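The values are calculated or read from the model by the stated rules, or taken from the named source; none is laboratory data. If you're wondering where the values come from, they're calculated on a predicted model, not measured in any experiment. Backbone-built Cβ (ideal geometry, glycine too); neighbour counts: all protein chains shown. Note: accessible area is taken over every heavy atom of the protein model, side chains too, but ligands, DNA and RNA are not part of it. Shrake-Rupley method; radii C 1.70, N 1.55, O 1.52, S 1.80 Å.
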Amino acid sequence: MSAGEIFWDVVPYVTIAVVVVGTWWRYRYDKFGWTTRSSQLYESKLLRIASPMFHFGILVVIVGHLIGLLIPQSWTDAIGLSQHAYHVQAVTLGTVAGIATLVGILLLIYRRRTRGPVFMATTANDKLMYVVLVAAIVAGLATTLMGSGVVGEEHNYRETVSPWFRSIWILQPRGDLMVQAPLSFQLHALIALALFALWPFTRLVHAFSAPVGYLFRPYVVYRSRDVAPKGQLVGSRPHRRGW
């Protein structure tokens with residue numbers, strides 16, 4: 001077994017351990033720091049543009065990665081989706097989402113660099129996170145174009161990277177498959193692992209506690225303090241709870 005195979009067999013589990021232990025530690029000893037540290041109070045115009053763009057783009061990117069990494073090629077072949085058709089939709093959606101994510105994060109970084117109060121609220125860990133996050137996005141866009149043959153020689157990552165990723169979760173790592181992947185894919189995977197290792201120690205940790213339950217909360221009735229006839233409410237109307 002080569003050093004490369006050992007590396008791709010071991011490092012994913014080290015990363016998972018860091019994420020799990022780091023997240024536990026952050027929640028146990030830094031509950032007050034478990035937040036996005038919102039800076040909307042300092043500046044909101046750029047934030048209204050950049051934040052939705054980044055979050056929409058990154059959501060599509062994550063879903064696309066999960067589909068590409070978890071669903072075997074044999075499954076899409078079985079439903080009649082050709083490899084060419086799969087690549088066309090993957091490149092189209094991946095490129096659009098990747099560019100939206102990149103533009104969004106660059107605007108957020110520009111906002112932090114040019115707005116004094118926002119910059120002062122940025123920690124050293126967050127600065128490092130921004131660098132790694134941008135690198136991951138750029139590497140992802142590059143591998144999307146390279147893997148599809150738009151730039152350079154086409155590579156079907158569903159025969160190397162995807163089965164390697166699935167092998168990690170069934171505790172039968174296949175580092176040999178990752179060794180066969182082009183350098184661009186290996187670099188993208190390495191940057192992604194670094195980003196996940198940093199995740200618990202930055203503002204990204206708030207993703208683990210997204211307020212999804214807010215969408216399903218019942219309405220709260222606020223009653224007016226106006227004097228009304230006995231037994232009658234004045235100005236009562238339902239409102240959603242605020243965050």
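What list of ³J(HN,Hα) couplings, whole Hz, do you get for the range 165-176 from phi and the Karplus terms 6.51, -1.76, 1.60, once you set θ to phi - 60° and write x for glycine and proline?
3J(HN,Hα) across the range 165-176, in whole Hz: 4, 5, 5, 5, 7, 9, 6, 10, x, 10, x, 4.
Using protein chains only and a probe of 1.4 angstrom, how many square angstrom of H84 are accessible, to the nearest 10?
The accessible area comes out at roughly 140 Å².
Determine the order of K45, K31, K127 by accessible area, beginning with the largest, at a probe radius of 1.4 Å. If you can, show how the numbers build up before the last one.
Working: K45 150, K31 120, K127 90 Å².
Most to least solvent-accessible, the answer reads K45, K31, K127.
Roughly how far apart, in whole Å, are the Cα centres of the range 1-16 and the range 51-118?
Cα centroid to Cα centroid, the span is 26 Å.
Roughly how many nanometres apart are two label points built 7 Å out from the Cα toward the Cβ at R28 and E5?
Roughly 3.7 nm, to one decimal.
Please list, in order along the range 6-11, the HN-Hα scalar couplings obtained from phi with the Karplus expression 6.51 cos²θ - 1.76 cosθ + 1.60 (θ = phi - 60°), rounded to whole Hz, x for Gly and Pro.
Coupling constants for the range 6-11: 4, 4, 6, 7, 9, 4 Hz.
At 1.4 Å probe size, what's the solvent-accessible area of F208? Round to the nearest 10 Å².
For F208, the solvent-accessible surface is approximately 110 Å².
Under the Karplus relation 6.51 cos²θ - 1.76 cosθ + 1.60, θ = phi - 60°, what is the ordered set of whole-Hz ³J(HN,Hα) values for the range 76-93, x standing for Gly and Pro?
5, 5, 5, 8, x, 8, 5, 5, 5, 5, 4, 5, 4, 5, 5, 5, 5, 5
Magnitude of the Cβ-charge dipole of the range 1-139, K/R +1 and D/E -1, about the Cα centre, nearest 20 debye? Walk me through the numbers before you get to the answer.
On the way: 11 positive and 6 negative charges, 185 e Å.
Computed about the Cα centre, the dipole is about 880 debye.
Roll a 1.4 Å probe over the protein heavy atoms and report the accessible area of M53 in Å², nearest 10.
We get 60 Å² for M53.
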